[in-house]
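The values are calculated or read from the model by the stated rules, or taken from the named source; none is laboratory data. Keep in mind it's a predicted model, so treat the numbers as computed, not measured. Note that we place each Cβ from the backbone using ideal geometry, even for glycine, and neighbour counts take in every protein chain shown. Heavy atoms of the whole protein, side chains included, go into the accessibility calculation; ligands, DNA and RNA do not. Shrake-Rupley method; radii C 1.70, N 1.55, O 1.52, S 1.80 Å.
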Amino acid sequence: MTSKPTLSIGLIGSGFMGKAHVFGFATAQKVFNLPANLKLHTLADIDKKTAEAAANEFGFANSTDDWRDIVQNSEIDIVDITAPNALHKEMALEAISAGKHVYCEKPLAPMISDAMEMADAAEKKSVKTQVGFNYLCNPMMRLAKEMIASGELGEIRSYRGIHAEDYMTNASDPFTFRHETAGGGALADLGSHALATAEFLLGEIVEVMGDCVNVIAERPCIDGKKKSVIVDDIGRAFLRFSNGATGYIEGNWVATGRKMQHDFEIHGSEG
Ligand SMILES: NC(=O)c1ccc[n+]([C@@H]2O[C@H](COP(=O)([O-])OP(=O)(O)OC[C@H]3O[C@@H](n4cnc5c(N)ncnc54)[C@H](O)[C@@H]3O)[C@@H](O)[C@H]2O)c1
(Lines give C-alpha, C1' and ligand atoms only; values in the text may rest on other atoms or scores of the structure.)
Protein backbone atom coordinates (compact mmCIF):
# COMPACT_ATOMS: atom_id res chain seq x y z
CA MET A 1 0.00 0.00 0.00
CA THR A 2 1.48 3.38 -1.00
CA SER A 3 1.33 6.05 1.66
CA LYS A 4 -0.25 9.39 0.85
CA PRO A 5 1.79 12.58 0.76
CA THR A 6 1.07 15.20 3.42
CA LEU A 7 0.23 18.79 2.50
CA SER A 8 0.87 21.37 5.21
CA ILE A 9 -1.53 24.28 5.49
CA GLY A 10 -0.84 27.80 6.71
CA LEU A 11 -4.02 29.69 7.48
CA ILE A 12 -4.11 33.49 7.52
CA GLY A 13 -7.11 34.82 9.46
CA SER A 14 -9.15 32.94 12.04
CA GLY A 15 -12.49 34.72 11.88
CA PHE A 16 -15.76 33.44 10.43
CA MET A 17 -14.26 32.03 7.24
CA GLY A 18 -11.01 30.81 8.82
CA LYS A 19 -13.09 28.61 11.07
CA ALA A 20 -15.23 27.47 8.12
CA HIS A 21 -12.11 26.43 6.16
CA VAL A 22 -10.75 24.45 9.10
CA PHE A 23 -14.11 22.73 9.39
CA GLY A 24 -13.84 21.90 5.68
CA PHE A 25 -10.29 20.51 5.96
CA ALA A 26 -11.31 18.29 8.87
CA THR A 27 -14.53 17.05 7.26
CA ALA A 28 -13.04 16.46 3.81
CA GLN A 29 -10.48 14.07 5.25
CA LYS A 30 -13.19 12.07 6.98
CA VAL A 31 -15.69 12.00 4.13
CA PHE A 32 -13.56 11.75 0.99
CA ASN A 33 -10.65 9.55 0.01
CA LEU A 34 -8.32 12.50 -0.57
CA PRO A 35 -5.09 11.95 -2.51
CA ALA A 36 -3.15 13.63 0.34
CA ASN A 37 -3.30 14.02 4.08
CA LEU A 38 -3.77 17.56 5.34
CA LYS A 39 -1.72 18.95 8.21
CA LEU A 40 -2.74 22.12 10.04
CA HIS A 41 0.73 23.65 10.31
CA THR A 42 0.56 27.34 11.28
CA LEU A 43 -2.18 29.89 11.88
CA ALA A 44 -1.55 33.64 11.55
CA ASP A 45 -3.72 36.43 12.88
CA ILE A 46 -3.44 40.08 13.76
CA ASP A 47 -1.81 39.61 17.18
CA LYS A 48 -0.10 36.82 19.12
CA LYS A 49 -2.95 36.26 21.59
CA THR A 50 -5.62 35.89 18.88
CA ALA A 51 -3.40 33.65 16.76
CA GLU A 52 -2.41 31.39 19.64
CA ALA A 53 -5.96 31.03 20.94
CA ALA A 54 -7.28 30.18 17.47
CA ALA A 55 -4.40 27.78 16.73
CA ASN A 56 -5.17 25.88 19.93
CA GLU A 57 -8.91 25.85 19.24
CA PHE A 58 -8.58 24.77 15.59
CA GLY A 59 -5.72 22.29 16.09
CA PHE A 60 -2.80 24.07 14.37
CA ALA A 61 0.68 23.10 15.56
CA ASN A 62 2.01 26.69 15.48
CA SER A 63 0.81 30.28 15.57
CA THR A 64 2.19 33.66 14.58
CA ASP A 65 1.20 37.33 14.47
CA ASP A 66 3.06 37.79 11.17
CA TRP A 67 1.55 36.13 8.08
CA ARG A 68 4.96 36.33 6.35
CA ASP A 69 6.14 33.58 8.71
CA ILE A 70 3.72 31.29 6.86
CA VAL A 71 4.66 32.45 3.39
CA GLN A 72 8.38 32.04 4.12
CA ASN A 73 8.13 28.66 5.88
CA SER A 74 9.54 25.95 3.61
CA GLU A 75 7.49 23.27 5.41
CA ILE A 76 4.19 24.85 4.29
CA ASP A 77 2.64 23.82 0.96
CA ILE A 78 -0.69 25.68 0.90
CA VAL A 79 -1.36 29.24 2.02
CA ASP A 80 -5.03 29.75 2.85
CA ILE A 81 -6.03 33.43 2.93
CA THR A 82 -9.15 34.37 4.91
CA ALA A 83 -8.02 37.87 5.91
CA PRO A 84 -9.93 41.05 4.92
CA ASN A 85 -10.29 41.71 1.19
CA ALA A 86 -7.81 44.57 0.85
CA LEU A 87 -5.00 42.31 2.16
CA HIS A 88 -5.53 39.40 -0.24
CA LYS A 89 -3.36 40.70 -3.06
CA GLU A 90 -0.17 41.30 -1.07
CA MET A 91 -0.51 38.00 0.78
CA ALA A 92 -1.27 35.98 -2.34
CA LEU A 93 1.51 37.53 -4.43
CA GLU A 94 4.11 36.87 -1.74
CA ALA A 95 2.84 33.31 -1.28
CA ILE A 96 2.90 32.65 -5.03
CA SER A 97 6.37 34.13 -5.32
CA ALA A 98 7.50 31.68 -2.59
CA GLY A 99 6.06 28.83 -4.68
CA LYS A 100 3.08 28.10 -2.42
CA HIS A 101 -0.29 26.88 -3.63
CA VAL A 102 -2.90 29.49 -2.69
CA TYR A 103 -6.49 29.18 -1.58
CA CYS A 104 -7.79 32.75 -1.37
CA GLU A 105 -11.19 33.92 -0.25
CA LYS A 106 -13.41 35.99 -2.50
CA PRO A 107 -13.37 38.71 -3.67
CA LEU A 108 -9.86 38.03 -4.90
CA ALA A 109 -8.92 41.73 -4.83
CA PRO A 110 -10.52 45.18 -4.73
CA MET A 111 -9.76 45.93 -8.41
CA ILE A 112 -9.87 43.70 -11.49
CA SER A 113 -6.33 44.76 -12.42
CA ASP A 114 -5.13 43.45 -9.03
CA ALA A 115 -6.97 40.15 -9.51
CA MET A 116 -5.46 39.76 -13.01
CA GLU A 117 -2.00 40.41 -11.59
CA MET A 118 -2.56 37.68 -9.01
CA ALA A 119 -3.85 35.22 -11.62
CA ASP A 120 -0.94 35.98 -13.98
CA ALA A 121 1.62 35.52 -11.19
CA ALA A 122 0.10 32.14 -10.26
CA GLU A 123 0.12 31.00 -13.87
CA LYS A 124 3.77 32.03 -14.38
CA LYS A 125 4.83 30.22 -11.20
CA SER A 126 2.65 27.15 -12.04
CA VAL A 127 1.15 26.97 -8.55
CA LYS A 128 -2.36 25.69 -7.93
CA THR A 129 -4.97 28.22 -6.87
CA GLN A 130 -8.54 28.27 -5.73
CA VAL A 131 -10.90 31.15 -4.92
CA GLY A 132 -13.56 30.75 -2.22
CA PHE A 133 -16.51 30.44 -4.58
CA ASN A 134 -17.89 27.56 -2.53
CA TYR A 135 -21.32 27.55 -4.17
CA LEU A 136 -19.71 26.42 -7.44
CA CYS A 137 -18.63 23.21 -5.69
CA ASN A 138 -22.22 22.18 -5.02
CA PRO A 139 -23.05 19.16 -7.28
CA MET A 140 -26.33 20.89 -8.14
CA MET A 141 -24.35 23.58 -10.00
CA ARG A 142 -22.56 20.99 -12.12
CA LEU A 143 -25.89 19.37 -12.97
CA ALA A 144 -27.36 22.74 -13.99
CA LYS A 145 -24.31 23.40 -16.18
CA GLU A 146 -24.64 19.96 -17.80
CA MET A 147 -28.35 20.53 -18.47
CA ILE A 148 -27.56 23.83 -20.18
CA ALA A 149 -24.65 22.39 -22.20
CA SER A 150 -26.66 19.35 -23.33
CA GLY A 151 -29.35 21.59 -24.83
CA GLU A 152 -32.03 20.24 -22.49
CA LEU A 153 -33.24 23.79 -21.85
CA GLY A 154 -32.98 24.77 -25.52
CA GLU A 155 -31.60 28.17 -26.40
CA ILE A 156 -30.83 30.07 -23.20
CA ARG A 157 -32.64 33.38 -23.21
CA SER A 158 -32.55 34.90 -19.75
CA TYR A 159 -30.83 34.65 -16.38
CA ARG A 160 -31.63 36.03 -12.93
CA GLY A 161 -29.24 35.56 -10.01
CA ILE A 162 -29.14 36.91 -6.50
CA HIS A 163 -27.09 36.57 -3.36
CA ALA A 164 -28.93 38.24 -0.49
CA GLU A 165 -28.32 38.41 3.25
CA ASP A 166 -29.59 40.57 6.09
CA TYR A 167 -26.42 40.92 8.15
CA MET A 168 -25.99 44.67 7.40
CA THR A 169 -29.64 45.62 7.89
CA ASN A 170 -29.12 47.22 11.29
CA ALA A 171 -27.59 50.73 11.05
CA SER A 172 -26.18 50.39 14.57
CA ASP A 173 -24.00 47.41 13.58
CA PRO A 174 -20.31 48.43 13.41
CA PHE A 175 -18.10 49.61 10.58
CA THR A 176 -15.98 46.62 9.42
CA PHE A 177 -13.53 45.82 6.63
CA ARG A 178 -16.61 45.12 4.50
CA HIS A 179 -17.33 48.90 4.59
CA GLU A 180 -13.81 50.01 3.65
CA THR A 181 -13.60 51.74 0.30
CA ALA A 182 -10.81 49.35 -0.73
CA GLY A 183 -12.46 46.02 -1.33
CA GLY A 184 -15.72 46.68 0.46
CA GLY A 185 -19.39 46.83 -0.55
CA ALA A 186 -22.16 44.33 -1.17
CA LEU A 187 -21.26 43.91 -4.84
CA ALA A 188 -17.75 42.73 -3.92
CA ASP A 189 -18.85 40.75 -0.89
CA LEU A 190 -21.97 39.03 -2.21
CA GLY A 191 -22.26 40.10 -5.84
CA SER A 192 -18.99 38.24 -6.47
CA HIS A 193 -20.79 34.97 -5.59
CA ALA A 194 -23.73 35.86 -7.88
CA LEU A 195 -21.32 36.77 -10.68
CA ALA A 196 -19.29 33.57 -10.28
CA THR A 197 -22.43 31.46 -10.56
CA ALA A 198 -23.70 33.38 -13.60
CA GLU A 199 -20.38 32.96 -15.45
CA PHE A 200 -20.00 29.32 -14.38
CA LEU A 201 -23.42 28.47 -15.83
CA LEU A 202 -23.72 30.68 -18.90
CA GLY A 203 -20.14 31.58 -19.77
CA GLU A 204 -18.44 34.84 -20.56
CA ILE A 205 -20.14 38.17 -19.87
CA VAL A 206 -19.43 40.69 -22.61
CA GLU A 207 -21.47 43.74 -21.56
CA VAL A 208 -22.55 45.07 -18.21
CA MET A 209 -24.55 48.01 -16.85
CA GLY A 210 -24.68 48.42 -13.09
CA ASP A 211 -25.99 50.41 -10.17
CA CYS A 212 -24.53 50.49 -6.67
CA VAL A 213 -26.74 51.85 -3.91
CA ASN A 214 -25.68 52.95 -0.44
CA VAL A 215 -28.54 52.65 2.04
CA ILE A 216 -26.83 53.19 5.42
CA ALA A 217 -24.53 56.22 5.15
CA GLU A 218 -22.71 55.91 8.49
CA ARG A 219 -21.88 53.27 11.08
CA PRO A 220 -20.35 53.30 14.56
CA CYS A 221 -16.68 52.38 15.07
CA ILE A 222 -15.32 50.51 18.11
CA ASP A 223 -14.64 53.88 19.84
CA GLY A 224 -18.32 54.82 19.40
CA LYS A 225 -17.61 57.55 16.83
CA LYS A 226 -19.57 57.44 13.58
CA LYS A 227 -17.78 56.75 10.31
CA SER A 228 -19.29 57.48 6.93
CA VAL A 229 -19.86 54.58 4.55
CA ILE A 230 -19.68 55.17 0.83
CA VAL A 231 -19.67 51.60 -0.45
CA ASP A 232 -22.83 49.95 -1.73
CA ASP A 233 -25.32 48.02 0.40
CA ILE A 234 -26.98 46.77 -2.78
CA GLY A 235 -25.21 46.19 -6.11
CA ARG A 236 -27.18 45.31 -9.22
CA ALA A 237 -26.11 44.64 -12.78
CA PHE A 238 -27.68 43.90 -16.16
CA LEU A 239 -25.61 41.44 -18.15
CA ARG A 240 -25.14 40.33 -21.73
CA PHE A 241 -23.47 36.94 -22.18
CA SER A 242 -21.39 35.99 -25.22
CA ASN A 243 -23.93 33.24 -26.05
CA GLY A 244 -26.57 35.95 -26.62
CA ALA A 245 -28.46 35.47 -23.36
CA THR A 246 -29.17 38.50 -21.19
CA GLY A 247 -29.62 38.66 -17.47
CA TYR A 248 -29.50 40.32 -14.12
CA ILE A 249 -27.59 39.78 -10.87
CA GLU A 250 -27.85 41.35 -7.44
CA GLY A 251 -25.71 41.37 -4.30
CA ASN A 252 -27.65 42.66 -1.30
CA TRP A 253 -26.69 42.63 2.41
CA VAL A 254 -29.67 44.66 3.67
CA ALA A 255 -32.28 42.11 2.51
CA THR A 256 -34.20 41.93 5.79
CA GLY A 257 -35.14 38.35 6.65
CA ARG A 258 -32.77 36.72 4.17
CA LYS A 259 -30.02 34.35 5.33
CA MET A 260 -27.64 32.98 2.71
CA GLN A 261 -29.99 33.28 -0.27
CA HIS A 262 -28.06 32.12 -3.31
CA ASP A 263 -30.63 31.70 -6.07
CA PHE A 264 -30.68 31.68 -9.83
CA GLU A 265 -33.33 31.17 -12.49
CA ILE A 266 -32.61 30.36 -16.12
CA HIS A 267 -35.09 30.44 -18.97
CA GLY A 268 -34.45 28.60 -22.19
CA SER A 269 -36.65 28.01 -25.23
CA GLU A 270 -37.46 24.49 -23.91
CA GLY A 271 -37.66 25.07 -20.16
N1 LIG B 1 -16.86 32.15 0.58
C2 LIG B 1 -17.76 32.67 1.38
O3 LIG B 1 -18.93 32.32 1.34
C4 LIG B 1 -17.33 33.72 2.38
C5 LIG B 1 -18.13 33.99 3.49
C6 LIG B 1 -17.68 34.94 4.41
C7 LIG B 1 -16.49 35.62 4.19
N8 LIG B 1 -15.75 35.35 3.07
C9 LIG B 1 -14.48 36.06 2.82
O10 LIG B 1 -13.53 35.64 3.80
C11 LIG B 1 -12.68 36.75 4.14
C12 LIG B 1 -12.76 36.96 5.64
O13 LIG B 1 -14.09 37.21 6.03
P14 LIG B 1 -14.61 36.84 7.51
O15 LIG B 1 -16.07 36.98 7.50
O16 LIG B 1 -13.98 35.57 7.95
O17 LIG B 1 -13.97 38.07 8.34
P18 LIG B 1 -13.58 38.07 9.88
O19 LIG B 1 -13.46 39.50 10.27
O20 LIG B 1 -14.49 37.19 10.67
O21 LIG B 1 -12.14 37.39 9.89
C22 LIG B 1 -11.00 38.02 9.34
C23 LIG B 1 -9.79 37.53 10.12
O24 LIG B 1 -8.60 38.07 9.53
C25 LIG B 1 -7.76 38.53 10.59
N26 LIG B 1 -6.82 39.52 10.11
C27 LIG B 1 -7.02 40.83 9.83
N28 LIG B 1 -5.89 41.41 9.44
C29 LIG B 1 -4.95 40.44 9.45
C30 LIG B 1 -3.56 40.42 9.16
N31 LIG B 1 -2.90 41.52 8.77
N32 LIG B 1 -2.86 39.25 9.29
C33 LIG B 1 -3.51 38.11 9.69
N34 LIG B 1 -4.83 38.08 9.99
C35 LIG B 1 -5.54 39.23 9.86
C36 LIG B 1 -8.75 39.07 11.61
O37 LIG B 1 -8.17 39.29 12.89
C38 LIG B 1 -9.80 37.97 11.60
O39 LIG B 1 -9.44 36.88 12.41
C40 LIG B 1 -13.17 37.93 3.31
O41 LIG B 1 -12.39 38.04 2.16
C42 LIG B 1 -14.60 37.56 2.94
O43 LIG B 1 -15.04 38.15 1.73
C44 LIG B 1 -16.15 34.40 2.19
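So, R0 is 35 Å and r is the distance between the beta-carbons of ALA119 and ALA26; what FRET efficiency does that work out to, to 0.05? That gives a FRET efficiency of 0.75. Computed over neighbours whose Cβ is under 14 Å from that of GLY191, the net charge equals -4, Lys and Arg +1, Asp and Glu -1.
Here the Karplus curve 6.51 cos²θ - 1.76 cosθ + 1.60, taken at θ = phi - 60°, turns the phi angles of the range 48-58 into couplings of 4, 5, 4, 5, 5, 4, 5, 4, 5, 5, 8 Hz, with x standing for Gly and Pro.
Taking every DSSP beta bridge that has both ends in the range 116-265, the antiparallel portion is near 75%. DSSP assigns beta bridges within the chain; of those with both partners inside it, close to 50 percent run antiparallel. In the calculated pair-distance distribution of the range 67-201, the portion above 28 angstrom amounts to 30 percent of the Cα-Cα pairs. Starting from the Kirkwood radius over alpha-carbon pairs of the chain, derive D by Stokes-Einstein at 25 °C in a medium of 0.890 mPa s and give it in µm² s⁻¹. The Stokes-Einstein estimate is 122 µm²/s. Label sites at ASP263 and ALA217, each approximated as a point 7 angstrom past Cα along Cα to Cβ, lie 3.1 nm apart.
Here the simple spin-label model places points 7 Å from the Cα toward Cβ, and for ILE112 and ALA61 these points are separated by 4.3 nm.
The fraction of Cα-Cα pairs per 10 angstrom bin, counted from 0 for the range 110-149, comes to 24, 33, 34, 9 percent, rounded to whole percents.
Taking the chain as a Gaussian network of alpha-carbon nodes connected by springs under 10 Å, the highest mean-square fluctuation of the residues GLU90, GLU152, GLU165 belongs to GLU152.
Between ASN243, ASN252, ASN138, the Gaussian network model of the chain with springs among Cα atoms under 10 angstrom shows the greatest mean-square fluctuation at ASN138.
Within the assembled protein chains, the solvent-accessible surface assigned to LEU40 is about 40 Å², based on a 1.4 Å probe.
Adding -39500 (n - 2.57) for every DSSP H run of four residues or longer, then dividing by how many residues the chain holds, sets the calculated 222 nm ellipticity at -8500 deg cm²/dmol. Cross-link pairs exceeding 19 Å between alpha carbons, from the set LYS89/LYS227; LYS89/LYS125; LYS4/LYS106; LYS48/LYS225; LYS19/LYS145; LYS19/LYS106: LYS89/LYS227; LYS4/LYS106; LYS48/LYS225; LYS19/LYS145.
Per residue, the average separation of C-alpha pairs within less than 8 Å and at least 6 apart gives the range 7-97 a relative contact order of 37 percent. Could you please state, rounded to a whole Å, how far the C-alpha centre of the range 138-180 is from the C-alpha centre of the range 37-56? Using only Cα atoms to place each centre, the spacing works out to 32 Å. Measuring between their Cα centroids, the range 6-21 and the range 219-249 lie 27 Å from each other. Cα extents for the range 6-132 along the principal axes, largest to smallest and rounded to whole angstrom: 37, 35, 26.
Overall, the accessible surface of the chain at a probe of 1.4 angstrom is composed of carbon and sulfur to the extent of 55 percent.
Residue ranking by accessible heavy-atom surface, 1.4 Å probe, largest first, among CYS104, CYS221 comes out as CYS221, CYS104. Across the range 144-268 the C-alpha pair distances fall into 5 Å bins from zero in the proportions 2, 11, 20, 20, 15, 11, 8, 6, 3, 2, 1, 0 percent.
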